[in-house]
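A short write-up of the structure that comes next.
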Amino acid sequence: MNKILPFQIDTRAKTLSCDPQNNAFVQNPYPLYDAMYGKADPLLWQQYGHLVFANWKDVNALLRDKRFGRQILHLTTREQLGWPEPPPHTADFEHAEKYSLLNVEPPVHTRLRTLVNRAFVSRQVEQLRPQVEKLAHTLIDSFEANGTTDLLKSFATPIPLLIITQMLGIAEEDGPMLLDWSHKIVAMYMFGRTPEDELTANQAAKEFSAYLQDLINQRRKNIGQDLLSHMISTEAKGEYLSDEELISSTMLLLNAGHEATVHQTGNAVKTILESTHAPPTLFANDIQTAATIEECIRFDAPLHMFTRYALKDLQLDNGIKLKMGDEIGLLLGAANRDPNQFENANTFDPFRKKNANVTFGAGIHFCIGAPLARLEMQTGIKILFERLPNLKLAEPPTYMNAYHFHGLQKLVVRW
Ligand code: HEM
């Protein structure tokens, strides 16, 4: 046991004790990962009550392993699993989540993913580049004269939020309301959420669903060229998305479409500012810009843990036995720093050649928005450093107290 570290590993019992809300841990989870690779991996994380895997090989393989899923209630019942019923005060949240891509498994997932993907791809993300460029310039124009700003608020948030709302054909002035609903709903995924958080998230999910139902009704009467219209009218083998699927998927696109990108943008700018690399070399051409952003994505991911359920009783290669319904945690943020996969893994190296990071996941739930998120960051962050070449941190940035959402509270800079 080490008193200085915010975690204790018992290598014999293969257990980990670490409060996910411990500030020292939240500010820097990487020492825990370093203590795990090749030495104590996987571990039973006592506060979560399930195994967690840190090394890249396992995380990458388990994300793709068909014996695991994000959902299990299509195969069995809560009663059989010994799970309690969800509390009635979260019913609207549960309903809004139920039909989303992230909460279903094949064959429902395959059908939904095909339909959403078809609509998404048809927007041809690459065509959005000029729109993102224009938006980045407009935002910088609005704060350039001040000499300082909280970039998280003034830059990292509006880009993904405005782009996804524009894509869906949602009025710009509704943005702040969507942001508020989204923040309240995200609290449901945090460790140690309170009944108040649940009530607030449930109310937000109820209002958000009603807002989207209204929008879908209007859009059905007036189909346009936006992503929501595409999702309404896209069909595969004569099948369309139902209203419930449209609501859940649109909510997911709106929430996933900005929350993670906001925090990845903040983490990326922080990483670059704390590095010794001169920004002009990092953004010297399109290939180098893409490599720089990819390294930022590997080095400090915004989502550190995703879970899976064992879909049947099974045994892993290392002999560990799992029962149907057992949960496992896959530490994406840890896999990205595994020294067996990445040379000098704890060094930010924008010139690295091999970069098979798992920030966007892997397997059937691989992030649908990855090309969009990459484009937003490659375009926005490059313009930011070109326009403000003397950009510096004005105060040390700190992370929010929410372990697996690894994003900054604010990012105050000056130039
Ligand atoms: C840097 C930004 C982003 C990160 C780090 C990220 C990360 C992820 C990860 C790790 C998953 C897989 C979760 C799992 O396997 O359990 C995922 C799924 C998903 N993401 Fe993202 N995401 C980002 C941006 C976006 C954007 C911009 C959108 C949409 C506009 C989006 C939409 C989705 C959707 C719809 C899924 C579910 C896919 C499925 O279940 O088939 N994400 N994302």
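The values are calculated or read from the model by the stated rules, or taken from the named source; none is laboratory data. Computed from a predicted model, the values in this text were never measured in an experiment. Cβ: placed from backbone, ideal geometry, glycine included. Neighbour counts: every protein chain shown. What goes into the accessible areas is simple: the full protein's heavy atoms, side chains included, and nothing from ligands, DNA or RNA. Shrake-Rupley method; radii C 1.70, N 1.55, O 1.52, S 1.80 Å.
How many of the residues making up segment 84-107 are touching a residue at least 12 places away in the same chain (Cβ under 8 Å) and open to solvent by less than 70 Å² (accessible area, probe 1.4 Å)? Before the answer, list the steps.
Taking segment 84-107 as the starting set, the residues that turn out to be touching a residue at least 12 places away in the same chain (Cβ under 8 Å) are 87, 89-93, 95-106.
Subset that is open to solvent by less than 70 Å² (accessible area, probe 1.4 Å): 87, 89-93, 96-97, 99-106.
Qualifying residue count for the region: 16.
Report whether or not Lys354 is exposed (fewer than 15 other Cβ atoms within 10 Å of the Cβ), charged (D, E, K, R), without any contact (Cβ under 8 Å) to a residue 40 or more places away in the chain and assigned to a loop (DSSP other than H, G, I, E, B).
Yes: the conditions hold for Lys354.
Ile383: more than 9 Å from the ligand (Cβ to nearest atom) and among the β-branched types (Val, Ile, Thr), yes or no? If you could, list the steps in order and put the result at the bottom.
Working: more than 9 Å from the ligand (Cβ to nearest atom): yes; among the β-branched types (Val, Ile, Thr): yes.
Criteria met by Ile383.
Within segment 244-268, work out how many residues are within 13 Å of the ligand (Cβ to nearest atom) and over 16 Å from Ile164 (Cβ atoms).
Summing the residues that are within 13 Å of the ligand (Cβ to nearest atom) and over 16 Å from Ile164 (Cβ atoms) in segment 244-268 gives 4.
Looking at (1) assigned to a strand (DSSP E or B); (2) near the ligand (Cβ under 9 Å from one of its atoms), can you tell me which one Leu372 breaks?
For Leu372, the exception is condition (1).
Filter segment 223-243 for residues that are within 16 Å of the ligand (Cβ to nearest atom) and charged (D, E, K, R) and give the result.
Of everything in segment 223-243, just one residue is within 16 Å of the ligand (Cβ to nearest atom) and charged (D, E, K, R), namely Asp226.
Only one of these is of a type outside the set (Val, Ile, Thr) and either within 14 Å of the ligand (Cβ to nearest atom) or open to solvent by less than 50 Å² (accessible area, probe 1.4 Å) (or both): Pro397, Pro339. Name it. Explain how you work it out, then say what you get.
Numbers: Pro339 fails: either within 14 Å of the ligand (Cβ to nearest atom) or open to solvent by less than 50 Å² (accessible area, probe 1.4 Å) (or both).
Result: Pro397 is the single residue among Pro397, Pro339 that is of a type outside the set (Val, Ile, Thr) and either within 14 Å of the ligand (Cβ to nearest atom) or open to solvent by less than 50 Å² (accessible area, probe 1.4 Å) (or both).
Which one of these does Met377 not meet: (1) in contact with a helix residue (DSSP H, G or I) (Cβ under 6 Å, 6 or more places away or on another chain); (2) open to solvent by 40 Å² or more (accessible area, probe 1.4 Å); (3) assigned to a helix (DSSP H, G or I)?
Met377 satisfies all of (1) in contact with a helix residue (DSSP H, G or I) (Cβ under 6 Å, 6 or more places away or on another chain); (2) open to solvent by 40 Å² or more (accessible area, probe 1.4 Å); (3) assigned to a helix (DSSP H, G or I) except (2).
Take the residues in segment 318-336 that are of a type outside the set (Gly, Ala, Ser) and open to solvent by 10 Å² or more (accessible area, probe 1.4 Å); name whichever of them is nearest to the ligand (Cβ to nearest atom). Before you say what the answer is, go through the steps one by one.
Start the filter on segment 318-336 by keeping residues that are of a type outside the set (Gly, Ala, Ser), which leaves 318, 320-324, 326-328, 330-332, 336.
Within this subset, residues satisfying the condition of being open to solvent by 10 Å² or more (accessible area, probe 1.4 Å) are 318, 320-324, 326-327.
Details: Asn318: 22, Ile320: 20, Lys321: 23, Leu322: 17, Lys323: 21, Met324: 19, Asp326: 16, Glu327: 12 Å.
Of everything passing the filter in segment 318-336, Glu327 is nearest to the ligand (Cβ to nearest atom).
Restrict the check to segment 46-54 and report whether at least one residue is touching a helix residue (DSSP H, G or I) at 6+ places or on another chain (Cβ under 6 Å), in contact (Cβ under 8 Å) with a residue 40 or more places away in the chain and under 27 Å from Lys270 (Cβ atoms).
Restricting attention to segment 46-54, the residues satisfying the condition of being touching a helix residue (DSSP H, G or I) at 6+ places or on another chain (Cβ under 6 Å) are 53-54.
This time we only want the ones that are in contact (Cβ under 8 Å) with a residue 40 or more places away in the chain, so: 53-54.
Next cut, under 27 Å from Lys270 (Cβ atoms) only: 53-54.
The answer is yes, given that some residue of segment 46-54 is touching a helix residue (DSSP H, G or I) at 6+ places or on another chain (Cβ under 6 Å), in contact (Cβ under 8 Å) with a residue 40 or more places away in the chain and under 27 Å from Lys270 (Cβ atoms).
Quick check on my filter: what residues within segment 138-176 are part of a helix (DSSP H, G or I) and surrounded by fewer than 14 Cβ atoms within 10 Å (Cβ to Cβ)? Step through it out loud before you land on a result.
Keep residues of segment 138-176 that are part of a helix (DSSP H, G or I), which gives 138-146, 151-156, 158-168, 172-176.
Within segment 138-176, Thr138, Asp141, Ser142, Glu144, Ala145, Asn146, Glu172, Glu173, Asp174, Pro176 qualify.
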